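Report on one structure; see the data block that follows.
Just so it is clear, none of the values below were taken in a lab; they were calculated from the coordinates. These numbers were taken from a predicted model, which means no experiment stands behind them. Counting neighbours? That spans all protein chains shown, and the Cβs are built from the backbone with ideal geometry, glycine included.
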Amino acid sequence: MNTPKIFESEYRFCKILWKNEPIKSGLLVQMCADELGWKPSTTYTVIKRLTERGVVITEKMIVRALVKEDEAQVSEINDLLDNKFNGSCPAFLAAFSKSGKMTEKDIDEIQKMIDAIRAQNE
């Protein structure tokens, strides 16, 4: 199954939903007003759009996600790799490593992931 596209403003909404679901729509509207500065109509419009695309569902005024946070993240990373790095994870890591944003801890964690993947493939 392909994960539906979640655009940036919708993603900020989803982060609130993922953290608090299942949640009554009225409370979700209030949280979006508090955290995002959205009007109620904006939140209800986003809920409607995400429902139409199969990202969320509302039943008896309770909203919950059909797409999990990690699924949305994997989809975004795959799109990034495909669109910007020709599908190459090494090219992505090379570019990211040049950004200066990788700490020693990050490098150690990445190495552990590589070691675990390598062990699974043996």
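Some values worked out for this structure:
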| item | result |
| --- | --- |
| Inter-part distance where segment 103-121 and segment 1-70 are each reduced to a Cα centre, Å | 34 Å |
| Segment 8-69 - Kirkwood radius from inverse mean 1/r over Cα pairs (Å) | 11.2 Å |
| Dipole axis of the chain (+1 Lys, Arg; -1 Asp, Glu on Cβ), positive-most option in 29, 14, 99 | 29 |
| Relative contact order of the chain, defined on C-alpha pairs under 8 angstrom at six or more residues apart (%) | 22 percent |
| Those aspartates and glutamates that a straight Cα-Cα span of less than 12 Å connects to residue 15, excepting residues fewer than 8 apart in one chain | 35, 69, 70 |
| Net dipole in debye of the chain [+1 Lys, Arg Cβ; -1 Asp, Glu Cβ; about Cα centre; nearest 20] | 500 debye |
| Computed FRET value (nearest 0.05) for residue 88 with residue 18, which takes r as the C-beta separation and R₀ as 25 Å | 0.30 |
| Cα coordinate range in the chain, projected on the principal axes (Å, largest first) | 49, 31, 25 |
| Nearest-0.05 FRET efficiency for residue 99 and residue 73, computed from C-beta distance (R0 22 Å) | 0.70 |
